[in-house]
1. Which condition number does residue 70 fail, the rest of (1) closer than 28 Å to residue 284 by Cα; (2) modelled with pLDDT under 95 being met?
2. Let me spell it out: the conditions are (1) under 27 Å from residue 56 (Cβ atoms); (2) of a type outside the set (Gly, Ala, Ser); (3) part of a loop (DSSP other than H, G, I, E, B), and residue 285 meets all of them except one. Which number is the exception?
3. So how many residues does region 242-256 have that are in a helix (DSSP H, G or I) and modelled with pLDDT of 90 or more?
4. Given the condition on the phi < 0 side of the Ramachandran plot and under 21 Å from the mean Cα position of the chain (by Cα), answer yes or no: does some residue in region 198-211 qualify?
5. Taking region 272-292 only, how many residues are of a type outside the set (S, T, N, Q) and without any contact (Cβ under 8 Å) to a residue 60 or more places away in the chain?
6. For residue 356, only one of the following conditions fails: (1) farther than 24 Å from residue 156 by Cα; (2) part of a helix (DSSP H, G or I). What is its number?
7. Output the residues belonging to region 115-174 that are within 16 Å of the chain's Cα centre (by Cα) and of a type in the set (Val, Ile, Thr).
8. What helices (runs of 4 or more DSSP H) lie completely within region 1-98 and have 1 or more residues being touching a Cys at 6+ places or on another chain (Cβ under 9 Å) and surrounded by 13 or more Cβ atoms within 10 Å (Cβ to Cβ)?
Amino acid sequence: MSTNPSTDSITVVTTEQEKSDFIQFPYSHYSDDQYWVPPLIMEQKKLLNEDKNPFYENAEIRLFLAYRNDKPAGRIAAIIDHRYNEFHNTKTGFFGFFESIDQQSTANLMVRVATDWLRNQGMEDVLGPTNPGMMDEIGILVDGFDKYPAILLPYHKPYYDKLLKEAGFEKAQDLLTYEVNQDNVDRDRMNRAMQIVKKRLPEITIRKIRLKKIKDEIKIIREIYNAAWKNNWGFIPLTEAEFDYMASDLKMIVNDNFAHIAEVNGKPIAFSVALPDYNQILRDMDGKLFPTGWMKILWNRKKINKIRTALMGVIPEFQGKGVDALLHREAIENGLKEDFYSSEIGWILESNVQMNRVAEKIGGTHDKTYRMYKKVL
């Protein structure tokens, strides 16, 4: 299929070589971009492994590669998440893994082919990008191009927003991140907030996640997450298999100084997981763990001086009581003790006014914006 056979063309990925080309495209596409952090190739393969990634137990995906004048020019995936549609009672398709040269005709062709496939599967609208699901990397970076992204956050070319809008998409939701660092953190305000919360909830305690009982802790976190997020935009409850799959990667890098569960009278009511920013090491590894990448990780991990609060949830009956501020304070104070310079908080939905206010009140400054897009088919 092509809009102009002499310029733009597209291929449906069907072979292992084409899937490899799909995965490899960003590594050349961003080769001159200082702030792009090459993800581990082995992790990208796992994301797209339909046999081993539990996301695909309830989802379908089609991959497409674009060419311009017979040279690789972009990629896109069309995705159907059946559980999302069952939960929201919609017929929503998704697009993901979007990358493109700065050529509108190329982007238009990729969008058209992906959305045509979704329409043919009975979808009525499209949302994205999701890579591949809502609990993976999502959104397109629309500001903050002069900074490295934190762990598990993407980086994109500045022209992507224009390409997608010209291809017929509009903004669905912005996702915001905040930076709290040793220079802007309001420790006095955090401590005052802690005293207020403890007066309000005298039985509250904050404890570290028990890494030696990680399976039990993961079950607690999943239950809190599914309860806490159920009314948020884009949410679907995570299955036990999906959460275990996600946790299997995170537990390799989690530091219990930055991962906590809040309890009231011994009952878990909230959690927060902040991760050391391993992107500070990955930026120099070109996506390769072997033969020497793992040595770079072991050698340099003590040089990491940033964390990212990647997951947080408070069950509904305790929301709005300052518990989230207490969890942020615990991670930040522990980070300061270990001489970490900064913490990236987010992403936070722009519509989540309460969480955005908490980030601002503890001294966070808006750092980056990621955008989700929608389109009626």
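1. If we test residue 70 against (1) closer than 28 Å to residue 284 by Cα; (2) modelled with pLDDT under 95, just (1) comes out false.
2. Here residue 285 clears every test but (1).
3. Of the residues in region 242-256, the ones in a helix (DSSP H, G or I) are 242-250, 256.
Retained after the next criterion (residues that are modelled with pLDDT of 90 or more): 256.
Number satisfying all stated conditions: 1.
4. So the first thing to find is which residues in region 198-211 are on the phi < 0 side of the Ramachandran plot, and the list is 198-211.
This time we only want the ones that are under 21 Å from the mean Cα position of the chain (by Cα), so: none.
There is no residue in region 198-211 that is on the phi < 0 side of the Ramachandran plot and under 21 Å from the mean Cα position of the chain (by Cα).
5. Residues of region 272-292 that are of a type outside the set (S, T, N, Q), as a first pass: 273-278, 281-291.
Subset that is without any contact (Cβ under 8 Å) to a residue 60 or more places away in the chain: 281, 284, 290-291.
Counting residues in region 272-292 that are of a type outside the set (S, T, N, Q) and without any contact (Cβ under 8 Å) to a residue 60 or more places away in the chain gives 4.
6. Every listed condition holds for residue 356 apart from (1).
7. 130, 138, 140, 142, 151
8. Values: elements: 16-29, 41-47, 82-88.
Ranges flagged: none.
The values are calculated or read from the model by the stated rules, or taken from the named source; none is laboratory data. For clarity, every value in this text was computed on a predicted model and none was experimentally measured. In this analysis, Cβ positions are derived from the backbone assuming ideal geometry, glycine residues included, and neighbour counts consider all displayed protein chains.
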